[in-house]
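Peer 1: Supplied in structure tokens, the structure appears directly below.
The values are calculated or read from the model by the stated rules, or taken from the named source; none is laboratory data. None of the values given here were measured: they were computed from a predicted structure. A quick note on method: Cβ atoms are made from the backbone with ideal geometry, for glycine too, and the neighbour counts reach across all protein chains shown. The area values use the complete protein model at the heavy-atom level, side chains included, leaving out ligands, DNA and RNA. Shrake-Rupley method; radii C 1.70, N 1.55, O 1.52, S 1.80 Å.
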4 protein chains.
Amino acid sequence: MGDSERIPVGIVGASGYGGIQLVRLLLDHPKLELVYLGGESTAGKPFAELYPHLGHRVNLSVESVDVEAIGDRCQVVFLSLPNGLAYKMAPRLLDKGCKVLDLSADYRFSDLQTYKTWYGGDRDDFAVAPRAVYGLPELYRDRIAEAQLVGCPGCYPTASLLGLAPLLKQGLIIPETAIIDAKSGTSGGGRQPPKVDMLLAEADSSFRAYNVGGRHRHTPEIEQVCSDLAGHEVLVQFTPHLVPMVRGILATIYATMRDPGLVRDDLHTIYSAFYRNAPWVRVLPSGTYPQTKWACGTNLCYIGIELDSRTGRVIVMSAIDNLLKGQAGQALQCLNLMMGWEETLGLPQLTFYP
Amino acid sequence: MGDSERIPVGIVGASGYGGIQLVRLLLDHPKLELVYLGGESTAGKPFAELYPHLGHRVNLSVESVDVEAIGDRCQVVFLSLPNGLAYKMAPRLLDKGCKVLDLSADYRFSDLQTYKTWYGGDRDDFAVAPRAVYGLPELYRDRIAEAQLVGCPGCYPTASLLGLAPLLKQGLIIPETAIIDAKSGTSGGGRQPPKVDMLLAEADSSFRAYNVGGRHRHTPEIEQVCSDLAGHEVLVQFTPHLVPMVRGILATIYATMRDPGLVRDDLHTIYSAFYRNAPWVRVLPSGTYPQTKWACGTNLCYIGIELDSRTGRVIVMSAIDNLLKGQAGQALQCLNLMMGWEETLGLPQLTFYP
Amino acid sequence: MGDSERIPVGIVGASGYGGIQLVRLLLDHPKLELVYLGGESTAGKPFAELYPHLGHRVNLSVESVDVEAIGDRCQVVFLSLPNGLAYKMAPRLLDKGCKVLDLSADYRFSDLQTYKTWYGGDRDDFAVAPRAVYGLPELYRDRIAEAQLVGCPGCYPTASLLGLAPLLKQGLIIPETAIIDAKSGTSGGGRQPPKVDMLLAEADSSFRAYNVGGRHRHTPEIEQVCSDLAGHEVLVQFTPHLVPMVRGILATIYATMRDPGLVRDDLHTIYSAFYRNAPWVRVLPSGTYPQTKWACGTNLCYIGIELDSRTGRVIVMSAIDNLLKGQAGQALQCLNLMMGWEETLGLPQLTFYP
Amino acid sequence: MGDSERIPVGIVGASGYGGIQLVRLLLDHPKLELVYLGGESTAGKPFAELYPHLGHRVNLSVESVDVEAIGDRCQVVFLSLPNGLAYKMAPRLLDKGCKVLDLSADYRFSDLQTYKTWYGGDRDDFAVAPRAVYGLPELYRDRIAEAQLVGCPGCYPTASLLGLAPLLKQGLIIPETAIIDAKSGTSGGGRQPPKVDMLLAEADSSFRAYNVGGRHRHTPEIEQVCSDLAGHEVLVQFTPHLVPMVRGILATIYATMRDPGLVRDDLHTIYSAFYRNAPWVRVLPSGTYPQTKWACGTNLCYIGIELDSRTGRVIVMSAIDNLLKGQAGQALQCLNLMMGWEETLGLPQLTFYP
């Protein structure tokens, strides 16, 4: 297929970490062509000035954001903006016939009241919001394939939900015992605005929790999907931590098993079956636990499973690259489905180690 | 007090990370004098050849290990050796009248059968082992003060138990709900023998769990003390993780409260009272959570407390320097008590930040 | 082209860092098929047991090293072994008709006496050694294309020589003023045997020089090529340093200009012209300096140039991934040339940032 | 000596990295008492809110800056402010009789024109500036002892000049051949205002040069002192780099020897003699090179010396903690001299390793 047949794609919010991931991924995608990069604070600048290492591959400049023009030039638009901006653009882009993938929280919630409680804002896109599909392909593959608007999951919810889903879906655990102790590299904090506690001088050689006690905005997102899987409302204990590294999330998930008779290999079988058709989830052999480095630079989620017969608990470890499977990679995985392509098309599956 | 009045101290196993911490601490202690450094693999070498940065302060060479001679020259002996060696030396040192502080696991267990199950070995020091006191001063201050032999706690147990103790002692939680998700810098793996997975090239920029499912040897140690505090046998879920940094442990501890009526400030009051006389534990103000960097280079344990009223769980975060409060610093804290000195004498309480 | 038409390739020494890079690269190469993995210490083990993150892509097990059998099964053999082993295998592999690429120092020197002086050993492959070509494609592209045996450059020499070559070749600097202050991540130390000073606990949060004063074995290798470029013998000052990170080398190169009249843009023009046909060297715009992160995960060398008119010195900064352009990637680049393929075939050119 | 007899000290600019170092050091100093902390952006806040880990030791709040009041309450004032502010306060503080130590660049230059060229501003403190002494005790001990106003050196100049001084002072090198390749942790960038390139996500796992070609503001400062030592104007080549770590500077210094007959041990003797009375400089044994970690948390400068007989160059490595010997520690060392106390009083000389 020649370049002329490629689908034209735009990114609004191109200069942040979400944006640079998307640019990088699109450069390697065989059926997409990046034609537009939008951003207010960097408008007018050649993209290669922001990220000189891509100078040999990207000739585009960042443009100011004109939604009508974007809709005319692009068949697909990724919105990679701070929360509260996407819902002001998405309706018009949908009207222009674009497929829209939003990387912010704006379209993750089926109940707009939950969104307002956690993110504030004064939304009036009541006609559009219900059309959004939650972009976690391993759980909502068919709906995503038919969607025009996808609300891409947060990084923590992706790792957490892929780890918990088989247990909840099959009723293997007592849902209210679920505890998610999650650890993330600092790139999840974004490139701007800079925060003192994300300086290397502050965050290196140290480890800490934050937003403890269910205060992190990813909590309601995790609970929404857990409740959907369990068939009734589920509360989970979610605690995020900051690891002195750039990329990667490991979620360590604890839950009490309903049936004390199951052994570790049973769980391995159940997980393998659950993810049989999921090319981006790798269930590790019994006794092998994931490390974040394996997933970095790929769209993979590695899952390790352990059972403690003394306590009756299952412990699931789920590792992803927070900026790929946890953000931009998953968005592209969704787009592949929306376009009717292979779910793996143009996405990286091999990290460099070490 | 002149140097001639200082108490002569020896360290067996001086070249490892425990040894170098002890050397460093003893150089600053006003009432102790380091007179002997022992080690088999480095015997004959000037200590300053192993650690050139101390060349201006340490003139001693490492000597081979002659227990009789050590007993003659030292009033206090720190044993900083791999597990399974201390119990072959301690009895003779005690006979010579020495105070002995063991940094290995050999004297941590009141039940030798538990030791054998987890550490193996063929112990016959039945007369001596029961005299050992578990060296966690915040819980066993009085017994330590009268002990001649102290089994110093592991690093993870120190962080975990200081975080859990007030809850268990006062019956505030349902003990079997306790989950300890602990994270450590890699210096806990020791200086030798080198392990591939502790190379910077392997461990940097990555995060992972290990010994999942209650398989870590610190589990029985934690459970022994928890059971003691609760007054009945307690099993806990303990999972260690490796953080890409040198020093520091953060334990994130979850447990379900018995009384849903307590609020966060109540817990703060309870913890502050529990540690009122503990100069090395700092209970942080409500809403402040510790980071490991604050504790590094000090003998302090910082504790943060949070309550999730939605789930009914308390979440306690406990941060220490794994090599100081988690190892050598705590040993010296014990010695201060054994000598009848101030618990804080000669121990660092101010980190450098950042 | 179907898989059956792919060229069968083997790797001897597959379990180290050179080996795992080659495996990773070969999995993405469209014209090569990995059919053999050899190693003594890990013989018999599934490769996916050594590197579980590749379990979904590699089914091979490591085999013990039988040179005859390798020659029968492979058309191309990469030797990724400690120094002093390749020259015992290469002659027989060449006899069997294989193309051989050696990643060790064994075939880097045109003068075997230099090799012996720096690496020792008792070589008797006098008939074979002279057939080896030094595998730096930007300087020796044509000779590599016709070679059957390539001695792949060291990591430091690659970064250093690509930075210095245009200056030396065009006689722009006084050669004996050249100083190379090089800094490398710790993965250059290899995966085994483990060394204490490469532990994360030792190397993290610290920076140091080593082999100062021309004592590093890469010195004669750099000087051999510099002399070749200058047309007379050249001595350089080379000092390696250890950076607390996994991958990447930055060489900062100083030299005094012969002609004080040149300006920075002149040098930019000269470098750009010199590397006009070199797809793996990116000369950065004036005023932009490289960072190692840009190169990591790619086969690229980024070069930045600065001129200090006050001192009359040029300062060149050259950044590579020490394990790719500095090792395995460059080897594959050589193979592409040896096979008559595009120099860029199957090699990564886009890092993930940040 | 009781607390009532301690000298009252104030810090203006207490919330940055310079400020927190000074606070930390003053808490351990036996003859000084911290009575005032000043800062505009954090005025009114308890200092323990900014740095909770010091909550057990610091009760002061940050106050807004009233120079008259400071002069009344303090006998000693440290100014730890961005460049260009100190010279507006110092004259009045001196008038009130205070001893003033400025950590910025304002009082480092004997020629105000050099200051203006590199730092700008419209200075009119012509009466005061000439009274300032450059606060590098190893070179200007006697003048510092008699000064009322000290301009404390930059971090890079401290490491560079201590490494170069014996060579220049004794005429051992050809001055114009001096090249300083310096590497610093990122805390040198300060705590505020935050810069994108100092985020952990940007700076970790990467290495780069900046301000190449003599563009860094520390260049004229280094040259001023080098010229003073050499007795004539000296230009040096100075290139700073950023290391992915928090603290520490290593300067690798190259220069061509005048006398090719000297050997390494001669240089060791010369350096040892030069620093005979300098308690904060440790000349390492021949063959031992410093690493930054050894110096961190101390006021020490470790120096290693190597000679390359092939090239005729000396290579000196100088390691310091950029925030202590490179900033706040050295300021306190100067104050000790100004007060007529031991140069080592209250300053840390033992790091924690690893």
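Peer 1: Any idea which of (1) within 27 Å of D:His216 (Cβ to Cβ); (2) open to solvent by less than 10 Å² (accessible area, probe 1.4 Å) is the one C:Ala328 doesn't satisfy?
Peer 2: Condition not satisfied by C:Ala328: (1).
Peer 1: Being at pLDDT 95 or above and open to solvent by 30 Å² or more (accessible area, probe 1.4 Å), is that true of even one residue in segment D:157-169?
Peer 2: yes
Peer 1: Right, something else. So is A:Pro285 under 24 Å from A:Leu103 (Cα atoms), at pLDDT 95 or above and more than 15 Å from the chain's Cα centre (by Cα) or not?
Peer 2: Here the answer is no, as A:Pro285 does not meet what is asked.
Peer 1: Do you know which of the residues in segment C:296-310 that are without any contact (Cβ under 8 Å) to a residue 24 or more places away in the chain and within 12 Å of chain A (Cβ to nearest Cβ) is nearest to A:Cys296 (Cα to Cα)?
Peer 2: Selected residue: C:Tyr302.
Peer 1: For segment B:150-172, give me each residue that is over 15 Å from B:Gln330 (Cα atoms) and in a helix (DSSP H, G or I).
Peer 2: Residues satisfying the conditions are B:Gly163, B:Leu164, B:Ala165, B:Pro166, B:Leu167, B:Leu168, B:Lys169.
Peer 1: Which condition does D:Glu221 not pass, out of (1) within 28 Å of D:Asn336 (Cβ to Cβ); (2) out of contact with any Phe, Trp or Tyr (no Cβ under 9 Å at 6 or more places or on another chain); (3) more than 10 Å from every other protein chain (Cβ to nearest Cβ), if it passes all the others?
Peer 2: Answer for D:Glu221: the failing condition is (2).
Peer 1: Which number in (1) within 14 Å of chain C (Cβ to nearest Cβ); (2) under 24 Å from A:Tyr134 (Cα atoms); (3) polar (S, T, N, Q) marks the one condition that A:Thr252 misses?
Peer 2: It fails just one condition, (1).
Peer 1: Only one of D:Ala182, D:Ala147 is assigned to a strand (DSSP E or B) and crowded, with 19+ Cβ neighbours inside 10 Å. Can you tell me which?
Peer 2: Going through D:Ala182, D:Ala147 in turn, just one is assigned to a strand (DSSP E or B) and crowded, with 19+ Cβ neighbours inside 10 Å: D:Ala182.
Peer 1: Name, by its number, the condition in (1) more than 18 Å from the chain's Cα centre (by Cα); (2) open to solvent by 10 Å² or more (accessible area, probe 1.4 Å); (3) among the β-branched types (Val, Ile, Thr); (4) within 12 Å of another protein chain (Cβ to nearest Cβ) that does not hold for B:Val243.
Peer 2: (2)
Peer 1: Mind checking which residues of segment A:51-71 are out of contact with any strand residue (DSSP E or B) (no Cβ under 9 Å at 6 or more places or on another chain) and closer than 20 Å to C:Val281 by Cα?
Peer 2: A:Tyr51, A:Leu54, A:Arg57
Peer 1: Something else about it: Filter segment C:334-350 down to the residues that are over 19 Å from C:Cys74 (Cβ atoms) and either of a type in the set (A, V, I, L, M, F, W, C) or open to solvent by less than 10 Å² (accessible area, probe 1.4 Å) (or both) and list them by number.
Peer 2: C:Leu347, C:Leu350
Peer 1: Separate question: Going by what's in this entry, would D:Asp181 be described as at pLDDT below 95, among the acidic types (Asp, Glu) and at negative phi?
Peer 2: No; evaluated as a whole, the condition is false for this residue.
Peer 1: May I ask you to list the residues in segment C:49-75 that are of a type in the set (Asp, Glu) and away from every other protein chain (no Cβ under 14 Å)?
Peer 2: C:Glu63, C:Asp66, C:Glu68, C:Asp72
Peer 1: Within segment B:1-43, how many residues are farther than 19 Å from B:Leu323 by Cα and either within 12 Å of chain D (Cβ to nearest Cβ) or surrounded by fewer than 19 Cβ atoms within 10 Å (Cβ to Cβ) (or both)?
Peer 2: 15
Peer 1: I'm checking my understanding of the structure. Among residues of segment C:198-218 that are within 7 Å of chain D (Cβ to nearest Cβ) and of a type in the set (D, E, K, R), which one is least open to solvent (accessible area, probe 1.4 Å)?
Peer 2: Step by step, filter segment C:198-218, then rank; the result is C:Glu202.
Peer 1: Follow-up. Evaluate the following for B:Gln113: is it closer than 18 Å to B:Ser227 by Cβ, surrounded by fewer than 21 Cβ atoms within 10 Å (Cβ to Cβ) and of a type in the set (S, T, N, Q)?
Peer 2: Spelling it out, B:Gln113 is indeed closer than 18 Å to B:Ser227 by Cβ, surrounded by fewer than 21 Cβ atoms within 10 Å (Cβ to Cβ) and of a type in the set (S, T, N, Q).
Peer 1: So is C:Lys293 more than 12 Å from every other protein chain (Cβ to nearest Cβ), crowded, with 19+ Cβ neighbours inside 10 Å and at pLDDT 95 or above or not?
Peer 2: For C:Lys293, the condition - more than 12 Å from every other protein chain (Cβ to nearest Cβ), crowded, with 19+ Cβ neighbours inside 10 Å and at pLDDT 95 or above - is not met.
Peer 1: Check A:Ala132, A:Ala178, A:Ala182 and return the single one that is within 16 Å of the chain's Cα centre (by Cα) and in the same structural domain as A:Arg217 (by TED's automatic domain parsing).
Peer 2: So the residue among A:Ala132, A:Ala178, A:Ala182 that is within 16 Å of the chain's Cα centre (by Cα) and in the same structural domain as A:Arg217 (by TED's automatic domain parsing) is A:Ala182.
Peer 1: Specify which of the listed residues (B:Pro52, B:Pro82, B:Pro46) is in contact with a Ser or Thr (Cβ under 7 Å, 6 or more places away or on another chain) and exposed (fewer than 15 other Cβ atoms within 10 Å of the Cβ).
Peer 2: Among B:Pro52, B:Pro82, B:Pro46, only B:Pro82 is in contact with a Ser or Thr (Cβ under 7 Å, 6 or more places away or on another chain) and exposed (fewer than 15 other Cβ atoms within 10 Å of the Cβ).
Peer 1: Just to verify a result, which residue in segment A:334-348, among those that are in a loop (DSSP other than H, G, I, E, B) and under 16 Å from the mean Cα position of the chain (by Cα), is farthest from C:Gln327 (Cα to Cα)?
Peer 2: Selected residue: A:Glu343.
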